[in-house]
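A quick write-up on the structure given underneath.
The values are calculated or read from the model by the stated rules, or taken from the named source; none is laboratory data. Every value quoted in this text rests on a predicted model; they were computed, and no experiment measured them. Every residue, glycine as well, gets a Cβ built from its backbone with ideal geometry; the counts of neighbours run over all protein chains shown.
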Amino acid sequence: MSERSLLITGCSSGIGLDAARTLRARGWRVFAACRKEADCARLRDEGFEAPRIDYEDEARIEAGLAAVLEATGGRLDALFNNGAYAIPGPVEDVPTEALRTIFQANLIGWHDLTRRVIPVMRAQGHGRIVQCSSVLGLVAMKWRGAYVATKFALEGLSDAMRLELSGTGIEVAIIDPGPIDTAFRQNAIKQFEKWIDWENSVRADEYRESLLDQLYKGSSKGPQWPAAAVTKTLVHALESPRPKARYYVTTPTYVMGALRRVLPVRALDWVLARG
C-alpha cells in the first residue's frame, strides 16, 4: 500500500511518455494511458500498465480509470492530465463543430476524468492533480485561437478547483510549458486538414504568406526544450510537500508571464503580433 500510484494520460509520445518513464524510474507505479490501443500495446511491451483513455470518449474514460482502480485496490495518489491538440487557423475559419470537438479533447474530457478521480482521493485523504496547460493559457497568439481558448478555460477551471479542494489533502497544480520538442505540430497538421477550408477563406493570401509555412515547414520555430524539462517540473509538483500552484517551463513562458503583468494590453498585443 506504500507504493505511489500515478495515472498519466497522453503517453504515446512527447511529454507524457517522458514523464511515464522518468516517474517509473523514481519508484512510482505508473499507469501510462494512451488514446489508441496500438500505443497502449507498445507501452505494455515496454513494461507499463497502459489503460486506454480517450478524452473524446466518455466510455473509454470510465473504463480506463476503472482498470486503474481495480489494479490498485481503489487508490490513486496522483493524476497528470496531459495530451491535447491544436486546430490552427483564424478564429473566423474554425467551424463551430471543430471548437466543440477540441473543447471535448482538451478540457471537458479532462474534467470528466478528474471528477471521477476526486472522490477516490477525498476518501483516502490525499492526492495530487497536475494539469498540463501552456504558455498559450497565459497569453493569446493569432492563428491559435481554438487551442488558446481551451487552455485559458483550463487555467480558470484549475484555479477554481484548487481553491475548492483546499483543506481536503488534494493539491492541484498547473504546468505551463512553452515550446517543447514533441509531435505537436504534426498532430496539428492533421486537425488543420480535417477542419480548415483555407483555400476558400477570405484570408487565403495570409495562409500562403505565413501560416502554411509555419505549419508544414516549422518556419517560425525558435528554440525548443526537451520533454524532460516538463518532467522535471512535474516531479516537484508530485513529490514536494508544498507544490506550487503554477509552474512555468521554458524561457518564453517566463517572459510572457512577466509581460502580461507589466504591459498594457495594446503593448502586449504589439509584442505578440510579432511572434
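For region 204-234, filtered to residues that are of a type in the set (Gly, Ala, Ser) and in a helix (DSSP H, G or I), the residue that is farthest from the chain's Cα centre (by Cα) is Ala204. For Glu209, the conditions (1) farther than 18 Å from Ala273 by Cβ; (2) free of Cβ contacts under 8 Å to residues at least 12 places away in the same chain all hold with the exception of (1).
Taking the condition out of contact with any His (no Cβ under 8 Å at 6 or more places or on another chain), of a type in the set (Val, Ile, Thr) and surrounded by fewer than 17 Cβ atoms within 10 Å (Cβ to Cβ), does Thr101 pass? No; evaluated as a whole, the condition is false for this residue. The set of residues in region 68-83 being modelled with pLDDT of 95 or more and in a loop (DSSP other than H, G, I, E, B) consists of Gly73, Gly74, Arg75, Leu76, Asp77, Asn82.
Which residue, of Trp225, Trp270, Trp198, is touching a Ser or Thr at 6+ places or on another chain (Cβ under 6 Å) and surrounded by 11 or more Cβ atoms within 10 Å (Cβ to Cβ)? The match here is Trp225. Do you know which residues across region 35-63 are in contact (Cβ under 8 Å) with a residue 40 or more places away in the chain and part of a helix (DSSP H, G or I)? Within region 35-63, Glu58, Ile61, Glu62 qualify. Scanning region 238-254 for residues that are without any contact (Cβ under 8 Å) to a residue 40 or more places away in the chain and either buried (at least 17 other Cβ atoms within 10 Å of the Cβ) or touching a strand residue (DSSP E or B) at 6+ places or on another chain (Cβ under 6 Å) (or both) returns a single hit, Tyr254. Within region 10-29, being surrounded by 24 or more Cβ atoms within 10 Å (Cβ to Cβ) and among the small types (Gly, Ala, Ser) holds for Gly10, Gly16, Ala19, Ala20.
For region 236-267, a residue qualifies if it is part of a helix (DSSP H, G or I) and either within 30 Å of Ile189 (Cβ to Cβ) or in contact with a Ser or Thr (Cβ under 7 Å, 6 or more places away or on another chain) (or both), and the qualifying residues are Thr251, Pro252, Thr253, Tyr254, Val255, Met256, Gly257, Leu259, Arg260.
Across region 179-203, the qualifying residues are those that are touching a Leu at 6+ places or on another chain (Cβ under 9 Å) and part of a helix (DSSP H, G or I), and the one among them that is nearest to Ala105 (Cα to Cα) is Ala188. The set of residues in region 89-147 that are assigned to a loop (DSSP other than H, G, I, E, B), in contact (Cβ under 8 Å) with a residue 60 or more places away in the chain and not hydrophobic (A, V, I, L, M, F, W, C) comprises Pro90, Pro95, Lys142.
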